[in-house]
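To keep things clear, I will list the structure first and then write my remarks on it.
The values are calculated or read from the model by the stated rules, or taken from the named source; none is laboratory data. What you see is a predicted model, and the numbers here were worked out from it, not measured in a lab. Backbone-built Cβ (ideal geometry, glycine too); neighbour counts: all protein chains shown.
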Amino acid sequence: MIEDTWTNRDLAVLRAVVDIYDRTGGPVDADDIQAAVGFDARTVQRALRALNTEPFFRDVTAIASGDIWAVGAPTGSALRVAGAWPSPEALLGGLVDALELAAGDQAREPEERSKFGTLAVGLRSFATQVAIGALGGAGGNLLTG
């Protein structure tokens with residue numbers, strides 16, 4: 001059976017890179033990643049190689065052995081995946097959750113609650129892809145890679 005490396009390894013390393021880069025603004029050393037996540041050097045190297053296949057980093061510095069010594073700035077995709085930037089799906093989910101909360105708010109008029117509920121149902125079903133497309137564009141491709 002194939003090991004789930006994303007959940008158990010790669011995502012933690014990606015989040016560490018995003019966090020360290022955000023704090024330092026410079027290349028992120030493998031040793032710093034190792035210290036941040038608590039994995040051994042081999043595990044960090046395996047994760048960095050896997051993450052570099054996307055690629056999630058603008059620059060990668062490898063040494064002769066093939067090990068990745070440092071990575072540069074995370075890409076927009078890396079920031080979204082790590083949770084530092086919202087994805088269009090996450091933005092839509094937050095909007096629908098807020099609409100559903102408003103629909104259940106007994107302090108609101110019944111007609112208003114009904115409209116909020118109808119809008120939430122529409123955004124969760126037939127209008128999902130249209131809304132995700134609109135949020136993904138964000139007026140200037142701010143949320144897309």
Query raised in the report: Restricting to helices (runs of 4 or more DSSP H) lying wholly in the range 32-145: which have 1 or more residues that are in contact with an Asp or Glu (Cβ under 6 Å, 6 or more places away or on another chain) and within 25 Å of residue 4 (Cα to Cα)?
Result: 41-52
Query raised in the report: Among 26, 72, which is farther than 30 Å from residue 130 by Cα, outside the structural domain of residue 130 (by TED's automatic domain parsing) and free of Cβ contacts under 8 Å to residues at least 24 places away in the same chain?
Result: 26
Query raised in the report: residue 104 fails exactly one of the following numbered conditions: (1) free of Cβ contacts under 8 Å to residues at least 60 places away in the same chain; (2) within 18 Å of residue 20 (Cα to Cα). What is the number of that condition?
Result: (2)
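One residue is enough: does the range 13-20 have a residue meeting the conditions among the small types (Gly, Ala, Ser) and either surrounded by 14 or more Cβ atoms within 10 Å (Cβ to Cβ) or at pLDDT below 95 (or both)?
yes
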